[in-house]
1. Got at least one residue in segment 258-268 being without any contact (Cβ under 8 Å) to a residue 40 or more places away in the chain and buried (at least 16 other Cβ atoms within 10 Å of the Cβ)?
2. Please verify whether residue 11 is loosely packed, with under 15 Cβ neighbours inside 10 Å and within 16 Å of ligand 1 (Cβ to nearest atom), treating the condition exactly as stated.
3. Would you be able to say whether some residue in segment 139-146 is within 16 Å of ligand 2 (Cβ to nearest atom), out of contact with any strand residue (DSSP E or B) (no Cβ under 6 Å at 6 or more places or on another chain) and outside the structural domain of residue 73 (by TED's automatic domain parsing)?
4. Go through the residues of segment 163-181 one by one and say whether even a single one is assigned to a helix (DSSP H, G or I), at negative phi and either over 17 Å from the mean Cα position of the chain (by Cα) or at pLDDT below 95 (or both).
5. Return yes when residue 157 is within 16 Å of ligand 1 (Cβ to nearest atom) and either modelled with pLDDT under 95 or in a loop (DSSP other than H, G, I, E, B) (or both) and no when it is not.
6. Looking only at segment 36-71, count how many residues are without any contact (Cβ under 8 Å) to a residue 60 or more places away in the chain and away from ligand 1 (no atom under 15 Å from the Cβ).
7. Could you identify the single residue in 133, 101 that is within 16 Å of ligand 1 (Cβ to nearest atom), touching a helix residue (DSSP H, G or I) at 6+ places or on another chain (Cβ under 6 Å) and farther than 18 Å from residue 43 by Cβ?
8. Of the residues that make up segment 288-299, is at least one surrounded by fewer than 21 Cβ atoms within 10 Å (Cβ to Cβ) and away from ligand 1 (no atom under 15 Å from the Cβ)?
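The values are calculated or read from the model by the stated rules, or taken from the named source; none is laboratory data. From a predicted model like this one, the values you see are computed outputs, not experimental measurements. Virtual Cβ from ideal backbone geometry, glycine too; neighbours counted across all protein chains shown.
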Ligand code: CP
Ligand code: NVA
């Protein structure tokens, strides 16, 4: 593993190794055991979009591992004024030990990895959010004590979170059902990649427009905002289209009795999910948010210790 660009690039074993390390680092962190294995290392964090969890968890993660992190807003570095990815990758590779980048186009992240000489971590693009899904899998494992054979239902827009969930679930043998409205389905490229991975793990993949069909018998019900970053001008139109996809008590009741609710956050109560569900007893959203820290420390410890 040289970079984390897409979960599809990782083998099932690599994902399990990251999850095991994340669980171990979490336990050790809680018992006060420190690992300064990244002493003297610096992570650059390029952000072209807002962030609470990704920014703070990466920065704290580097600090806890003995290294440091630099916040690089694309408004403040020359990339925002049109400096090429090629030059940026080459220059930053001379200063830094790794880069985490949150931006629009996946191709910009892939190009950074191609042109630079240091590990690149995808901190969200319009197409994928692999770090989030590692934390999600860790959370499911903690709550259910297993992953293989469980069913996750994602209900909402077929974009970054859904694509990385397809990869992550297929790679670990979880069944996944995705319900999205017509015109907002997942990109077929990611569905095909997941189906190829599912052939090896036995995971079942269901793509539907019916939220009740997706939620039926699920162990995990997953929501995301209907208005992703960069889509603000589509808000009025999308709110109308997505209303039948709201995760409310009635829809959640179609899942298994002991199902958990996950949401990558930020969440908009009353839109993609009701207060009853997201603030209810089966919601694990804050465990999930916490696990961003532990899962990413596992990624940093794997990629930057070389
Ligand atoms: N879930 C997530 O990536 O949150 P932020 O946008 O706050 O980083
Ligand atoms: N789909 C959301 C995820 C936020 C973590 C977005 O892209 O804004």
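1. Looking only at segment 258-268, we keep the residues that are without any contact (Cβ under 8 Å) to a residue 40 or more places away in the chain, and these are 258.
Still in the list and also buried (at least 16 other Cβ atoms within 10 Å of the Cβ): none.
Looking for residues that are without any contact (Cβ under 8 Å) to a residue 40 or more places away in the chain and buried (at least 16 other Cβ atoms within 10 Å of the Cβ), one finds none in segment 258-268, hence no.
2. Numbers: loosely packed, with under 15 Cβ neighbours inside 10 Å: yes; within 16 Å of ligand 1 (Cβ to nearest atom): no.
No: the conditions fail for residue 11.
3. Narrowing segment 139-146 to residues within 16 Å of ligand 2 (Cβ to nearest atom): 139.
In the following step, the residues that additionally are out of contact with any strand residue (DSSP E or B) (no Cβ under 6 Å at 6 or more places or on another chain) were identified as 139.
With outside the structural domain of residue 73 (by TED's automatic domain parsing) added as a condition, the list becomes 139.
Within segment 139-146, one or more residues are within 16 Å of ligand 2 (Cβ to nearest atom), out of contact with any strand residue (DSSP E or B) (no Cβ under 6 Å at 6 or more places or on another chain) and outside the structural domain of residue 73 (by TED's automatic domain parsing).
4. Pass one, segment 163-181, residues assigned to a helix (DSSP H, G or I): 163-172.
Still in the list and also at negative phi: 163-172.
Subset that is either over 17 Å from the mean Cα position of the chain (by Cα) or at pLDDT below 95 (or both): none.
Looking through segment 163-181, none of the residues is assigned to a helix (DSSP H, G or I), at negative phi and either over 17 Å from the mean Cα position of the chain (by Cα) or at pLDDT below 95 (or both).
5. Numbers: within 16 Å of ligand 1 (Cβ to nearest atom): yes; either modelled with pLDDT under 95 or in a loop (DSSP other than H, G, I, E, B) (or both): yes.
Yes.
6. Residues in segment 36-71 being without any contact (Cβ under 8 Å) to a residue 60 or more places away in the chain and away from ligand 1 (no atom under 15 Å from the Cβ): 9 in total.
7. On the way: 101 fails: farther than 18 Å from residue 43 by Cβ.
Testing whether each residue is within 16 Å of ligand 1 (Cβ to nearest atom), touching a helix residue (DSSP H, G or I) at 6+ places or on another chain (Cβ under 6 Å) and farther than 18 Å from residue 43 by Cβ leaves just 133.
8. Scanning segment 288-299, I find no residue that is surrounded by fewer than 21 Cβ atoms within 10 Å (Cβ to Cβ) and away from ligand 1 (no atom under 15 Å from the Cβ), so the answer is no.
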